[in-house]
Amino acid sequence: MAANVPPPGAPRPNNNNFVPPPNYNPSVQRPPDYLADNLQNLNLNRPPSMPNSAPRPSPYGQPPPFSTSAPSSGVPGASPPFSRPGPPPGALVRPSMAPPSGPSQPVIPPPGAPVRPYGPPVGQPSPFVSRPPPGSLPSSMGGYVTPGSGPPSSGPFQSAGLGSGPVAPPSLQPGARPISLSSPLTTGQTIPSSSGPGGLMSNGPPAFAPGAIPGASRFPSTGNVQQPALGPPQTAMSALAPPRAPTMRSHLGGTVVSAPPGPPTQPASPFSAPPQGVPPPGSPYGSAPWPMQPGQMAPPPPIPGSAQPPRMFGMPPPPPNQSMTTISPAIGQTGAPMAGSTKIDPNQIPRPMPGSSVVLHDTRQGNQANPPPPATTDYIVRDTGNCSPRYMRCTINQIPCTGDLLTTSGMPLALLVQPFALPHPSEEPIHVVDFGESGPVRCSRCKGYINPFMKFIDQGRRFICNLCGFTDDTPRDYHCNLGPDGRRRDADERPELCRGTVEFVATREFMVRDPMPAVYFFLIDVSMNAIQTGATAAACSAINQVIADLPEGPQTIVGIATFDLTIHFYNLKRALQQPLMLIVPDVQDVYTPLQTDVLVPLSECRQHLELLLESIPTMFQNSKTAESAFGAAIKAAFLAMKSTGGKLLVFQSVLPSIGIGALSAREAEGRANISSGDKEAHKLLQPVDKTLKTMAIEFAEYQVCVDIFITTQSYVDIASISVVPRTTGGQVYYYYPFSALSDPAKLYNDLRWNVTRPQGFEAVMRVRCSQGIQVQEYCGNFCKRVPTDVDLPGIDCDKTIMVTLKHDDKLQDGSECAFQCAVLYTTVFGQRRIRVTTLSLPCTSMLTNLFRSADLDTQFTCFLKQAAIEIPSSPLFRVREQVTNLCINSLLSYRKFCATVSSSGQLILPEALKLLPLYTLALIKSTGLRTDGKIDERSFWINYVSSLSTPLAVPLVYPRMMAIHDLDSKEDDESLIPPVIPLSSEHVNERGIYLLENGEDCLIYIGNSVDSDVLRKLFGIASVDEVPSQFVLQQYDNPLSKKLNDVVNEIRRQRCSYLRLKLCKKGDPSGMLFFSYMVEDQNPGGPSYVEFLVHIHRQIQVKMSS
């Protein structure tokens, strides 16, 4: 794919006739109808061994709305963008991976061509509209609070010495929106506001709802794009009307939690002692973006600025960007309810607000950076200078001018970089630019790459680097005169001068050797346990089916080995009658026999490989060898791959017990340590020694990326094993307890996505910053041998790297600060490329601007990753306190410096961070921070988080729950996914059936009083007593079963993960697992949501008065 850029010195085409370069995907070359072919789904609920399931029509059969042009000769043609971050399970047909031989024709949709259907039918309103800017829409519930029906829950936040009394009217500055959440007596009239929609990076409210998390599917269609509709303003009476049926829209613009004035006292931390009697741990996974909800109609937004939420009597008009909740004086000195008082209505505290409308996001507008939409919402990006927020996001969308200002804010300054993130199918493809032998234009001092923010001067003969400020001479063959606006006349015709993300063809100077081929080595555990549990057979079946999806061509090389007490290589040469086993018995000093015959081009050994994979389970079926030489096996496989590099895919079932890197069972010791409150218990989450780490660094040096599929029913010490994939840019997959009935389908789909997703090999990444800011640390799955770069033997579309930043000088207010990430990598077809993403953000010296431009999803993702880093080295209670303090410190700063409220009884949350307390509470109760979790489960959680992307961070700790017992009663067809339910046991009825999914696991809770007819329709059982422990979803011949299958398939499609299904019931460990996800409830793992808000408020009061 060559650049659609004229050669140096050639006439520049007219801008109006400019055709974008072809769609580019670095790793996969597909036919134009690839997406349509891919989504002729097999029944997603069946294991992959059932190939004759009926197909489903593809929603992606339409050509992309952007035109494509023919690639230059010698460069493979473009492919359509991936539609999802993973293939629908069992859906993809075998693609043609060979690069096309001739130029492709431009694909331009004919006038009136149908757009991929997604969302409500044409002419029917979406169940949710785009959220207008804060201040333009009144709260749906206003200040009306339904009186509580009982005393507040007593918990760890009992206040002392707090008397009740009148609350003084607060005086608020711009940047905050008060919402009263007190007793019904505090409701007031609706006050019109003059605040309008926020401008671009102005002092007004953000243009996007900062708290809208788990939105609908991650990549919706363009056909549902809506602009906020204008409607009649709500009247003051609307605030006092009975509340509507819940629509899961946030009932608040934010939160000010108020308590009665009184002498604040230091409350005891609720996390100081390990809880007793904690239920079993939950899944290590989180949830995913919220879907559209059928049958729910949001009121039309009023004219911006027409109304504000009700306020307390005597309060001045609330500012547009602040939220208040008034804490009822129901909690007395001992936590007992006072006579006549009411508690906070849990229905009116801030919660995620799903929306179904697609946001069209221009990255820059009017020469200013546009704040990105929340990571978990649906948006289509138009790259107008800054990179897409999918590739790089900053925790604050305005950069503080000094380090002191950043410290005062209490917020982190970091970038989350996901350089291969999947674009929306309707987004413009990444442009590929070929500068020929001279290579891309770069700054001669800092080596930054040419980008839209480098300023050309002296009639284009020189340019100033936007990163280091150095002035360079423009190469003669790159010269172009400047226009009246000071920009180059060809700026809009050159992608590198008008796009935030481009891909450069690398020249020889970027290569220390020829680009590596695509090498895949499969290593399978054949120990007795793996054979008996069916793990070996599942692995062989999955590999056999995935062979068809490997890139085709002479450069695709494969190898296979098995291991137990010894290591068994296989000679796959075509000349042999059958594969020849070569045994390596020495597991202390391993070697690779006949290296040239162990790795063979796929085209030469496909039949032998398929025959071998079918034979392996029976070859070892009578094995009595329980030991596993895991360390020796990966070392031997590495020796075979050392000369080329590549992907090593390991299927491991038991604890490595012999040879290099042998481990011992530490789990029993760990249980004893935790139950006795041992302060050193966290050390069980650290590797037992440095043996595997030393090996992993050597693997990374020779560009070997290791992925480990752990199919086990026992402890395997993931804390030690996972060092290898984390250091080599790989990934850990965890199937516990492995079920031969339900897990082979997920294993196949995970393996398939692993080898087919967009990815690169032998990569190096560096982030450069403008003067005044420097990189402090990189966090993720990589190897770091020099201070400035990270080495990535493998990099793919699911991997994210956190880059923390710090000030080394003062920035100038009003200027812009730029960040540039460059990734040098090799495609699976052996092409060397440089992907460059650039982001330029304004600098500010005002604290209020920092809070207005805070990115909640990105900040929380940083908190999550920092917690995962701390867990193995600190006691849990300390990590919980650190997480809580991160939340408190930023809210304290806002309360202290940005919101002057006269009443100390109000907790004021910045609009952009109003959901931070909820997410913090969910993190505290998550798998990684619970003391009752298994060591391996917590180790896996830590590893999962280390490379987790921003859109999946909040869903990880705050899953989504929905009722499925009444699916057939829904008449609306605009969304397959039913309405989401708050994560509280109050919303779980014993007569219902509820599905809770977190992106990897799917729990289905069956109440004790469910109608037997519903059970028979959905699961083929007559009563709750017949609920099986292992479960594979079947489709029965009734509408309810069909709708449940459609829902599960849709969730799997959204998540691009074949969710593991588990049935749960009350009074069973499975039921305790389900209720452990009710993060808004009080439980041994932590306080309720309301109590946590009170705790946050008390802590801020203490700090304010000290």
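Taking the conditions exactly as written (in contact with a Cys (Cβ under 8 Å, 6 or more places away or on another chain) and more than 18 Å from Leu648 (Cβ to Cβ)), does Arg574 satisfy them or not?
Values: in contact with a Cys (Cβ under 8 Å, 6 or more places away or on another chain): yes; more than 18 Å from Leu648 (Cβ to Cβ): yes.
For Arg574, the condition - in contact with a Cys (Cβ under 8 Å, 6 or more places away or on another chain) and more than 18 Å from Leu648 (Cβ to Cβ) - is met.
Quick check on my filter: what residues within the range 844-887 are out of contact with any His (no Cβ under 9 Å at 6 or more places or on another chain) and among the aliphatic types (A, V, I, L, M)?
Those that are out of contact with any His (no Cβ under 9 Å at 6 or more places or on another chain) and among the aliphatic types (A, V, I, L, M): Met846, Leu847, Leu850, Ala854, Leu856, Leu864, Ala867, Ala868, Ile869, Val883, Leu886.
Does Asp477 meet the test of being part of a loop (DSSP other than H, G, I, E, B), surrounded by fewer than 19 Cβ atoms within 10 Å (Cβ to Cβ) and of a type in the set (Asp, Glu)? Quick ask: steps written out before the conclusion?
Working: part of a loop (DSSP other than H, G, I, E, B): no; surrounded by fewer than 19 Cβ atoms within 10 Å (Cβ to Cβ): yes; of a type in the set (Asp, Glu): yes.
Here the answer is no, as Asp477 does not meet what is asked.
So which of Asp798, Asp813 is open to solvent by 20 Å² or more (accessible area, probe 1.4 Å) and closer than 18 Å to Thr728 by Cα?
So the residue among Asp798, Asp813 that is open to solvent by 20 Å² or more (accessible area, probe 1.4 Å) and closer than 18 Å to Thr728 by Cα is Asp798.
Can you tell me which residues in the range 1073-1106 are over 26 Å from the mean Cα position of the chain (by Cα) and of a type in the set (Gly, Ala, Ser)?
Passing the criteria: Ser1105, Ser1106.
Out of (1) modelled with pLDDT of 95 or more; (2) open to solvent by 20 Å² or more (accessible area, probe 1.4 Å); (3) part of a loop (DSSP other than H, G, I, E, B), what's the single condition that is false for Thr694?
Here Thr694 meets the rest and fails (3).
Looking at the range 1088-1106, which of the residues that are open to solvent by less than 10 Å² (accessible area, probe 1.4 Å) and touching a Phe, Trp or Tyr at 6+ places or on another chain (Cβ under 6 Å) is nearest to Ser926 (Cα to Cα)?
His1095
May I ask you to verify whether Ile869 is among the aliphatic types (A, V, I, L, M) and open to solvent by 10 Å² or more (accessible area, probe 1.4 Å)? First the steps, then the outcome.
On the way: among the aliphatic types (A, V, I, L, M): yes; open to solvent by 10 Å² or more (accessible area, probe 1.4 Å): yes.
When the stated conditions are applied, Ile869 passes them.
Tell me, yes or no, whether the range 1013-1024 has at least one residue that is part of a loop (DSSP other than H, G, I, E, B) and in contact (Cβ under 8 Å) with a residue 40 or more places away in the chain. Even if it seems obvious, please write down each step before you answer.
Going through the range 1013-1024, the residues part of a loop (DSSP other than H, G, I, E, B) turn out to be 1020-1023.
Subsequent filtering for residues that are in contact (Cβ under 8 Å) with a residue 40 or more places away in the chain retains none.
Scanning the range 1013-1024, I find no residue that is part of a loop (DSSP other than H, G, I, E, B) and in contact (Cβ under 8 Å) with a residue 40 or more places away in the chain, so the answer is no.
Quick check on my filter: what residues within the range 617-630 are surrounded by fewer than 24 Cβ atoms within 10 Å (Cβ to Cβ) and assigned to a helix (DSSP H, G or I)?
Initial filter on the range 617-630 (surrounded by fewer than 24 Cβ atoms within 10 Å (Cβ to Cβ)): 617-627.
Scanning the range 617-630 gives Pro617, Thr618, Met619.
Cβ-Cβ distance below 6 Å, separation of 6 or more or different chains: which pairs start in the range 384-396 with a residue that is over 12 Å from Pro371 (Cα atoms) and end on one that is charged (D, E, K, R) and part of a strand (DSSP E or B)?
What qualifies is Thr384/Asp362; Thr384/Arg364; Gly385/Arg364.
Report yes if Val546 is touching a residue at least 40 places away in the same chain (Cβ under 8 Å) and assigned to a loop (DSSP other than H, G, I, E, B), otherwise no. First the steps, then the outcome.
On the way: touching a residue at least 40 places away in the same chain (Cβ under 8 Å): yes; assigned to a loop (DSSP other than H, G, I, E, B): no.
Against the criterion (touching a residue at least 40 places away in the same chain (Cβ under 8 Å) and assigned to a loop (DSSP other than H, G, I, E, B)), Val546 does not qualify.
Looking only at the range 511-531, how many residues end up being buried (at least 17 other Cβ atoms within 10 Å of the Cβ) and either of a type in the set (Ser, Thr, Tyr) or in contact with a strand residue (DSSP E or B) (Cβ under 8 Å, 6 or more places away or on another chain) (or both)? Please lay out each step first, then the result.
Kept after step one, since they are buried (at least 17 other Cβ atoms within 10 Å of the Cβ), are these residues of the range 511-531: 515-531.
Filter once more, keeping what is either of a type in the set (Ser, Thr, Tyr) or in contact with a strand residue (DSSP E or B) (Cβ under 8 Å, 6 or more places away or on another chain) (or both): 515-527, 530.
Total meeting the criteria: 14.
Would you confirm whether any residue within the range 1030-1038 is among the charged types (D, E, K, R) and either closer than 24 Å to Asp968 by Cβ or touching a strand residue (DSSP E or B) at 6+ places or on another chain (Cβ under 9 Å) (or both)? Write out each step before concluding.
To start, the set of residues in the range 1030-1038 that are among the charged types (D, E, K, R) comprises 1037.
Next, only the ones that are either closer than 24 Å to Asp968 by Cβ or touching a strand residue (DSSP E or B) at 6+ places or on another chain (Cβ under 9 Å) (or both) stay: 1037.
Yes: the range 1030-1038 contains one or more residues that are among the charged types (D, E, K, R) and either closer than 24 Å to Asp968 by Cβ or touching a strand residue (DSSP E or B) at 6+ places or on another chain (Cβ under 9 Å) (or both).
Which pairs have Cβ atoms under 7 Å, sit 6 or more apart or on different chains, and link a residue in the range 476-503 that is under 23 Å from Tyr825 (Cα atoms) to one that is aromatic (Phe, Trp, Tyr)?
Note: pairs meeting the criteria are Thr501/Tyr391; Glu503/Tyr24.
Would you confirm, using the coordinates I've provided, whether Arg766 is in contact with a strand residue (DSSP E or B) (Cβ under 6 Å, 6 or more places away or on another chain) and crowded, with 23+ Cβ neighbours inside 10 Å?
Details: in contact with a strand residue (DSSP E or B) (Cβ under 6 Å, 6 or more places away or on another chain): yes; crowded, with 23+ Cβ neighbours inside 10 Å: no.
No.
Within the range 1061-1072, is there a residue that is surrounded by fewer than 23 Cβ atoms within 10 Å (Cβ to Cβ) and under 22 Å from the mean Cα position of the chain (by Cα)?
yes
The values are calculated or read from the model by the stated rules, or taken from the named source; none is laboratory data. Keep in mind the model is a prediction, meaning the values are calculated, not measured. Cβ sites come from the backbone with ideal geometry, for glycine too, and all protein chains shown count toward neighbours. Surface accessibility is based on the protein's heavy atoms, side chains included, excluding ligands, DNA and RNA. Shrake-Rupley method; radii C 1.70, N 1.55, O 1.52, S 1.80 Å.
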